[in-house]
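Before any comments, here is the structure.
Computed from the coordinates by the stated procedures, all read-outs in this text should not be read as laboratory data. The structure presented is a predicted model; accordingly, all values stated were derived computationally and were not measured. When we count neighbours, we look across all protein chains shown, and the Cβ atoms used for this are built from the backbone with ideal geometry, even at glycine.
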Amino acid sequence: MKKQATKKNDKEYDRLVADISKMAKSLAGHYEQSCALLKPTIDDACRNPSSYSEKEIERIFDQILDVSCYKKGKLLFDRLCKCFMPIYPDAVRFYIDSEKEMYGDENDT
């Protein structure tokens, strides 16, 4: 009887692992797509920082913050921080602090 329970548990475990793997792939795809959509905006903002208001930059930060736990998102987030720290230091510090609160210190900016 114990062997049957173990086999059943193994199947349930395998199904759980497969479901988690499927969700992780889906999430990675979402992060990838979000980064691809935000990159042109961030590229333009960093090329023309004086043409962006603080509110516009905050909207971009709101979007990139959601995916800054992902490697490409983190790179875009860091780039935006470097470009706008001299212009809007309080806003940039707010988003750096928010990122650390959301994702911990392993995402050092």
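If you plug each phi of the stretch 51-59 into the Karplus form 6.51 cos²θ - 1.76 cosθ + 1.60 with θ = phi - 60°, what whole-Hz ³J(HN,Hα) values come out, in order, with x for Gly and Pro?
8, 10, 6, 4, 5, 5, 5, 4, 5
Residue by residue, what Karplus-based ³J(HN,Hα) values in Hz, rounded to whole numbers, does the stretch 26-40 have, using 6.51, -1.76 and 1.60 with θ = phi - 60° and x for Gly and Pro?
5, 5, 4, x, 4, 4, 4, 5, 4, 5, 5, 6, 7, 4, x
What share of all Cα pairs of the chain, in percent, falls into each consecutive 10 Å distance bin?
Binned Cα distances yield the sequence 14, 36, 22, 11, 9, 6, 2, 0.
Between D44 and C69, what FRET efficiency comes out of the Förster formula 1/(1 + (r/R0)^6) with R0 = 25 Å and r the beta carbon distance, rounded to 0.05?
In this case the efficiency is close to 0.55.
Work out, step by step, the length gained on full extension between K22 and A91: first 0.36 nm times the residue separation, then minus their alpha carbon distance; give nm to one decimal.
21.2 nm
Percent relative contact order of the chain, based on C-alpha pairs within less than 8 angstrom and at least six residues apart?
This gives 22 percent for the chain.
Which aspartates and glutamates have a Cα lying under 17 Å from the Cα of K22, excluding residues fewer than 8 positions away in the same chain?
Cross-link targets: E12, D14, E32.
Pairs to check: K39/K100; K25/K82; K11/K74; K11/K72; K55/K100. Give those whose C-alpha atoms are more than 32 Å from each other in this structure.
K11/K74; K11/K72
If you plug each phi of the stretch 78-95 into the Karplus form 6.51 cos²θ - 1.76 cosθ + 1.60 with θ = phi - 60°, what whole-Hz ³J(HN,Hα) values come out, in order, with x for Gly and Pro?
4, 4, 4, 4, 5, 5, 10, 4, x, 8, 10, x, 5, 5, 5, 4, 4, 6
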